Amino acid sequence: QMFDDDDPVLARIREIALALPAAAMKVSHGRPAFWTEPRGKVFAYYGGSLKVDGAWIAHEQSVMVLLEAGEREALVDDPRAYVPAYLGAGGWLGLDLPDADGSDEGGWDEVAELIDASYRRTALTRLVAELDARSGD
């Protein structure tokens with residue numbers, strides 16, 4: 001296991017991700033993975049890494065999401081962003097997270113939006129419709 005169950009940043013990610021319709025969490029490759037039932041498609045991972053000059057660089061308190069190409073390109077040059085090992089080739093992007101204490105609440109709003117966008121790419125149409133109905137869209 002490559003995470004601490006008591007990590008307050010992970011607690012914020014769990015709160016955001018598990019509020020989505022039919023969302024669940026499992027441990028995959030040592031990290032929390034958030035996915036939708038019944039298809040089991042992952043929409044977010046907590047923590048990631050990348051390889052630079054042959055050395056692994058861990059991003060323990062980050063979230064990896066699957067975004068539309070335009071959204072991904074808008075974030076890829078952000079200093080908080082990284083292209084994760086293995087999943088980056090499939091379009092995934094990692095983003096280092098703000099502190100869990102709420103001192104960067106705007107940052108958490110952005111994290112929630114990115115998780116929502118990734119969820120919408122992987123969830124069944126009826127689950128996205130349920131999400132929209134919840135928010136009145």
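The values are calculated or read from the model by the stated rules, or taken from the named source; none is laboratory data. Keep in mind it's a predicted model, so treat the numbers as computed, not measured. Cβ placement follows ideal geometry from the backbone for every residue including glycine, while neighbour counts extend to all protein chains displayed. Ligands, DNA and RNA are excluded from the accessible area calculation, which covers all protein heavy atoms including side chains. Shrake-Rupley method; radii C 1.70, N 1.55, O 1.52, S 1.80 Å.
Only residues that are out of contact with any strand residue (DSSP E or B) (no Cβ under 6 Å at 6 or more places or on another chain) and open to solvent by 30 Å² or more (accessible area, probe 1.4 Å): list them for the stretch 24-36, please.
Matches in the stretch 24-36: Val27, His29.
Is it the case, given these coordinates, that Ala100 is among the small types (Gly, Ala, Ser) and either open to solvent by 40 Å² or more (accessible area, probe 1.4 Å) or in a loop (DSSP other than H, G, I, E, B) (or both)?
On the way: among the small types (Gly, Ala, Ser): yes; either open to solvent by 40 Å² or more (accessible area, probe 1.4 Å) or in a loop (DSSP other than H, G, I, E, B) (or both): yes.
Taking the combined requirement at face value, the residue satisfies it.
Take the stretch 13-23 and flag every residue that is within 13 Å of the chain's Cα centre (by Cα) and either more than 10 Å from Ala44 (Cα to Cα) or open to solvent by 20 Å² or more (accessible area, probe 1.4 Å) (or both).
First, pick out the residues of the stretch 13-23 that are within 13 Å of the chain's Cα centre (by Cα): 13-18, 20, 23.
Correct list: Arg14, Glu15, Ile16, Leu18, Leu20, Ala23.
Being over 16 Å from the mean Cα position of the chain (by Cα) and either assigned to a strand (DSSP E or B) or touching a residue at least 60 places away in the same chain (Cβ under 8 Å) (or both) is the filter here, so list the residues in the stretch 51-79 that pass it.
Those that are over 16 Å from the mean Cα position of the chain (by Cα) and either assigned to a strand (DSSP E or B) or touching a residue at least 60 places away in the same chain (Cβ under 8 Å) (or both): Lys51, Val52, Ala55, Trp56, Ile57.
Using beta carbons and a limit of 8 Å, which pairs, at least six apart or on different chains, have the first residue in the stretch 30-41 and farther than 13 Å from Trp92 by Cβ and the second one open to solvent by less than 30 Å² (accessible area, probe 1.4 Å) and polar (S, T, N, Q)?
Hits for this filter: Trp35/Thr122; Thr36/Thr122; Arg39/Thr122.
Of these, Ser135, Ser62, which one is open to solvent by 20 Å² or more (accessible area, probe 1.4 Å) and of a type in the set (Ser, Thr, Tyr)?
Details: Ser62 fails: open to solvent by 20 Å² or more (accessible area, probe 1.4 Å).
None of the others qualify; the one that does is Ser135.
Among the numbered conditions (1) open to solvent by 50 Å² or more (accessible area, probe 1.4 Å); (2) modelled with pLDDT under 95; (3) of a type outside the set (Lys, Arg); (4) closer than 27 Å to Gln1 by Cβ, tell me where Trp108 comes up short.
(1)
With the requirement that a residue be among the aliphatic types (A, V, I, L, M), open to solvent by 20 Å² or more (accessible area, probe 1.4 Å) and within 14 Å of Ala44 (Cβ to Cβ), what does the stretch 73-97 give you?
Result: Leu87, Leu97.
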